[in-house]
Protein chains: 4
Amino acid sequence: MDGREKILASGLELFPAKGFHGTSLRDIVRLAGVSKGGFYHHFESKEELFAAVVERTLFAGNEQPAAEESPSARSAEKQIEELFFAPLRRARSYYAMVFDGQKGSEIVRKRISEIFHHHIETCSKLLRQGQEQGEVRDSIDCDLWSLQIVSTLEGCFLLHSVSPLENPEESLRRMFDNIWRVIRKVDI
Amino acid sequence: MDGREKILASGLELFPAKGFHGTSLRDIVRLAGVSKGGFYHHFESKEELFAAVVERTLFAGNEQPAAEESPSARSAEKQIEELFFAPLRRARSYYAMVFDGQKGSEIVRKRISEIFHHHIETCSKLLRQGQEQGEVRDSIDCDLWSLQIVSTLEGCFLLHSVSPLENPEESLRRMFDNIWRVIRKVDI
Amino acid sequence: MDGREKILASGLELFPAKGFHGTSLRDIVRLAGVSKGGFYHHFESKEELFAAVVERTLFAGNEQPAAEESPSARSAEKQIEELFFAPLRRARSYYAMVFDGQKGSEIVRKRISEIFHHHIETCSKLLRQGQEQGEVRDSIDCDLWSLQIVSTLEGCFLLHSVSPLENPEESLRRMFDNIWRVIRKVDI
Amino acid sequence: MDGREKILASGLELFPAKGFHGTSLRDIVRLAGVSKGGFYHHFESKEELFAAVVERTLFAGNEQPAAEESPSARSAEKQIEELFFAPLRRARSYYAMVFDGQKGSEIVRKRISEIFHHHIETCSKLLRQGQEQGEVRDSIDCDLWSLQIVSTLEGCFLLHSVSPLENPEESLRRMFDNIWRVIRKVDI
DNA sequence: CATGAATGAGCCTTCATTCAT
DNA sequence: AATGAATGAAGGCTCATTCAT
């Protein structure tokens, strides 16, 4: 493993664990066993290393499905599943890396966690109310659908925040409709 | 508007725009028109202000639906919609605030944006392939459902990263099933 | 107990425990249960309070012997003993208060402690060597006299540092002679 | 003289003159002619430099006697004298450095000085009273022995305050006895 | 008498980056 | 290619003190 690779490995370990700002160059070069000069020999800046680490984290191991151009024999479902299930473990690393605001701040992390839970529980309760009032199908698992609704919305907000969607409100509304078409008691 | 309120207003403006680490106390107190000492008279730390700003951003204006205990006359759908659509605008602020890693780093921001787009497009392409092969309903909007799939997964990862779900893989798989039950050509 | 007295009591508690610089006005007024304004109503500055606390610590309870002018019936030994033994307990408070340099600095405190011990042990060892070589009386307790020698010297340095003696080297040498006249094997 | 040495030299000059808290890093690096970053390249903290300076002040030049293991030809008296007289000049630096409480506070310094003098004078007066009443040998120099008594006690308090003695009262009493055995008129 | 919000200079420390060797 | 001493701006935060109320 040469210098560049050792530095990348350090980044892969430190950024997810401590975030961008929580990781100093000193940490990186110490773990990698290179000098500061050595670091700048391989990377232009700390940021460049971070970008490289994000890249590896999100992509490592699933470039193949994307590259596939010809209609595949495998089902779309299978392929999509593969495309997204593989990153599950990497995903936490990724968010940990990028969600820098909460690092080192138990106060903030806890508060955000509480807020998310509050959303999920409120939604779940409303779904159960809907069941009681004959608006929502009795057969659905309110906790699961609550998670699904909140996940969808949070995910959409997230995507929109990183790179603006053209018409986020419209998109959200249509995704919302998709969900309600399934869980509403009287199908249209 | 007294000192504390002016500081909060500054935080509400600066954190979403420049992230936690990108916003210095100097920026905050200058904008608020108070002294550094004044800041620490009202808040214990920069972090405490950040937590307060996160709170306001995510909660301001929609505590009411949660508080409602008695079965409401309004439909669950309507209420859930209200619960989550109101925060749409605030949400971007929120993610911008918390997604600190990308602040001040155009390289990284762009790369993450590219990666998300790549996911969405790959998924969309696979859905179209599925339509061609008779696996996926012809009537669905592949772009919308691709966005919905990616949003759901990203949102779930996000929730899991902030506060671990009990069985994230199982939950993800069941949400995935929910989706495929709708878009698969042959209903079960 | 009025305001001034409550503040003094706080100082008496905090300065010995945390030193001058380790004790903030905030600590003082909080413990005393007065406002900052209240503090400055009773004392001109933090320093003035410190001086008042030093005063009380070193003098409380033994002004009497000093005031006594007429030849007393009690023996000088008894009186000197009373003069200096009473402050034993206060003394630690006093030094703790004034030895500010080591507060909050375990490194420094430990090092100084080591150095003192090293002095005492070295001296003790030399005395024992002296006994073996017939220079020092066999009957003396080397550990005790080592402590006595070091105490005398440290104390002299200390006095000299706070307010310069006229001829410290001469004084030290004569005190040293006083000691050796007692412990040397062959009395002159 | 390299960076580290220049910084140490600055510490050796500034800490004794202005105390730990009275000396700012700015002072140190300015005098040493290095940058703040440079300082932290050589020392972990201001405290570490302080510890290093204490070390040099108290030990420079007299490690040798301590190292000597084999019975020496020189007399114990000579060696002890060397061990402790050398530090006389350094001692003032040392106490000045560590007695931070009085720095910048003429009020306090003066008061402490007064108190010490008061002790010495009171003791001297009592000794003279003892001479008049036939309790104390006429031949002793009351001023010198007063200084010796106060030095011994202050030194003992000091040692005890920095690192507690096992039985300070007992030790004090025995040292006191040692002194009185010499100065009391009627030997027992 | 008493309050406590406000001050702002100053504190120690960290940081990514540079460059002579 | 590699080193690591040096940089110095900027960081968050504390402090004794003041003063309008």
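Please treat every number below as a calculation from the coordinates, not as lab data. Because the structure is a prediction, the values reported are computed rather than measured. Heads up, the Cβs are rebuilt from the backbone with ideal geometry, glycines too, and the neighbour counts pull from every protein chain shown.
Here are some pairs, A:18/B:36; C:36/D:110; A:110/D:46; A:125/A:185; which of them have Cα atoms lying more than 25 Å apart in this structure?
In this structure, A:18/B:36; C:36/D:110; A:110/D:46 exceed 25 Å between Cα atoms.
Amide H of residue C:43: which non-local residues (sequence gap of 5 or more, or other chain) have their own amide H closer than 5 Å, using H built in the peptide plane?
Those lying under 5 Å, H to H, from residue C:43: there are none.
Work out the charge dipole of segment B:105-183 with +1 on the Cβ of Lys and Arg and -1 on the Cβ of Asp and Glu about the Cα centre, then indicate which of B:139, B:163, B:107 is farthest towards its positive end.
Towards the positive end, the residue furthest out is B:107.
Just C:100, C:177, C:27 to compare: in a GNM of chain C, with alpha carbon springs under 10 Å, which one fluctuates most?
Sorting by GNM fluctuation, first place goes to C:177.
Just to verify a number: FRET efficiency for residue C:181 and residue D:163, C-beta to C-beta distance, R0 = 30 Å, to 0.05?
0.50
Kindly give the distances from residue B:36 to its copy-mates, label point to label point, with each label point 7 Å from Cα along Cα→Cβ, as nm values to one decimal ordered shortest first.
Label point to label point, same position, other copies: 0.9, 1.5, 2.4 nm.
Report the one residue of C:21, A:149, B:151 whose Cα lies farthest in the direction of the positive end of the charge dipole of the protein assembly as shown (charges on C-beta: Lys and Arg +1, Asp and Glu -1; origin at the Cα centre).
Of the candidates, C:21 comes out farthest on the positive side.
In debye to the nearest 20, how big a dipole does chain A give about its Cα centre with +1 on each Lys and Arg Cβ and -1 on each Asp and Glu Cβ?
It comes to approximately 680 debye.
In chain C, what residue has the beta-carbon at the shortest distance from the axis of the rotation relating C to B, and what is that distance in angstrom, rounded to the whole number?
Closest Cβ on chain C to the axis mapping it onto B, in Å: C:37, 3.
Answer rounded, prolate or oblate for segment C:149-188, using the Cα gyration tensor with square roots of eigenvalues a ≥ b ≥ c: rounded when a/c is under 1.5, else prolate when a/b is larger than b/c, else oblate.
Verdict is oblate for segment C:149-188.
When N is the residue count of chain D, what does its C-alpha Rg come to as a fraction of 2.2 N^0.38 Å?
1.34
Just counting partner chain Cβ atoms within 10 Å, what average do the residues of peptide A:44-53 show around their Cβ?
So the per-residue partner count for this stretch is 3.
Just from its helices, what would the mean residue ellipticity at 222 nm be for the protein assembly as shown, if runs of 4 or more DSSP H residues each count -39500 (n - 2.57) and the sum is divided by every residue, rounded to the nearest 500 deg cm²/dmol?
Calculated mean residue ellipticity at 222 nm is -24000 deg cm²/dmol.
Shortest first and in nm to one decimal, what separations exist between residue B:25 and its copies in the other chains, measuring from label points 7 Å along the Cα-to-beta-carbon line?
Relative to the other copies, residue B:25 has label-point distances of 1.4, 1.8, 2.5 nm.
When you look at the Cβ of every residue in B:135-142, what mean number of other chain Cβ atoms sits within 10 Å?
Neighbouring Cβ atoms belonging to other protein chains average 1 per residue here.
Fewest first, what order do B:139, A:161 take by the number of other Cβ atoms within 10 Å?
B:139, A:161
Where does segment A:105-183 land on the Kirkwood hydrodynamic radius, alpha-carbon pairs, in angstrom?
About 13.9 Å, per the Kirkwood formula over Cα pairs.
Classify segment B:1-48 as rounded, prolate or oblate, taking a ≥ b ≥ c as the square roots of the eigenvalues of its Cα gyration tensor: rounded when a/c is under 1.5, otherwise prolate if a/b is larger than b/c and oblate if not.
prolate
Which far-off residues, 5 or more places away or on another chain, put their amide H under 5 Å from the one on residue D:136, with H placed in the peptide plane?
So residue D:136 has HN proximity to D:131, D:185.
Whole-Hz Karplus ³J(HN,Hα) for segment B:20-28, in order, using 6.51 cos²θ - 1.76 cosθ + 1.60 and θ = phi - 60°, x for Gly and Pro?
Ordered by residue, 3J(HN,Hα) equals 5, 6, x, 9, 9, 4, 4, 4, 4 Hz.
Count, for each residue of A:165-178, the Cβ atoms from other chains sitting within 10 Å of its Cβ, then give me the mean as a whole number.
Neighbouring Cβ atoms belonging to other protein chains average 4 per residue here.
With the label 7 angstrom out along Cα to Cβ, how close does residue C:81 come to the same site in each of the other copies, in nm, nearest first?
Label point to label point, same position, other copies: 3.4, 9.4, 9.6 nm.
With the dipole of the protein assembly as shown worked out from charges on the C-beta (+1 for Lys and Arg, -1 for Asp and Glu) around the Cα centre, which of C:96, B:38, A:116 lies farthest toward the positive end?
B:38
Once you put a point 7 Å from the Cα of residue C:78 and another 7 Å from the Cα of residue A:141, both along the Cβ direction, what distance in nm separates them?
It works out to 9.2 nm between the two label points.
Please report the Cα spread of the protein assembly as shown along all three principal axes, rounded to whole Å, starting with the longest.
122, 64, 43
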